[in-house]
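A.B. asks: Following this message is one structure expressed as structure tokens.
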Amino acid sequence: MFKLAADQGHAEALYNLGVMYAKGQGVVQNYKKASGKLAETRDMLGRSLALFDVCQRPRRSEEFKEAFKWYKLAANQGHAGAQTNLGAMYAKGRGVAQDYKEAFKWYKLAADQGHAGAQFGLGLMYAKGQGVVQLQEGIQVV
């Protein structure tokens with residue numbers, strides 16, 4: 001049903017079809033088709049959610065650069081989950097050169113929106129002194 005509606009230009013059906021391909025729900029899992037369907041949705045609706053969801057799948061090393069591209073698009077639209085994942089990619093050097101200052105920047109943007117994963121990422125960076133001055137033991141967290 002989603003395919004028929006998607007083929008007729010129904011944006012929500014197109015989005016759902018993309019998610020189905022990404023997760024292999026009712027169709028053979030196909031990340032390339034998922035990327036295409038969700039990109040079409042993005043073009044139709046400009047929804048950062050579509051950009052973010054295309055990256056929510058297990059990634060092989062050769063897919064990190066493609067995932068980075070989509071995270072960056074969604075992150076630039078203010079999507080906290082994408083900003084967090086972009087921060088993690090910079091912190092770990094996946095799909096992009098490792099850069100703790102960039103990791104901190106993206107984690108901070110998402111953390112300021114209340115994203116718990118980003119707040120955790122920032123905490124790890126402070127604890128390890130990665131891109132920031134390392135916090136010393138005995139500092140009380142309020």
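FYI, it's all coordinate maths here, none of it is from the lab. Since the structure is predicted, the reported quantities are computational estimates derived from the model, not experimental observations. Backbone-built Cβ (ideal geometry, glycine too); neighbour counts: all protein chains shown.
A.B. asks: Sequence-distant or interchain residues sharing an amide H contact under 5 Å with Gly131, placed H: which?
C.D. replies: Hits under the 5 Å cutoff: none.
A.B. asks: While we're on this one: Please list 124-130, 81-87 highest first by mean number of surrounding beta-carbon atoms within 10 Å per residue.
C.D. replies: On the way: 124-130: 14.6, 81-87: 26.9.
Answer by packing, highest mean first, reads 81-87, 124-130.
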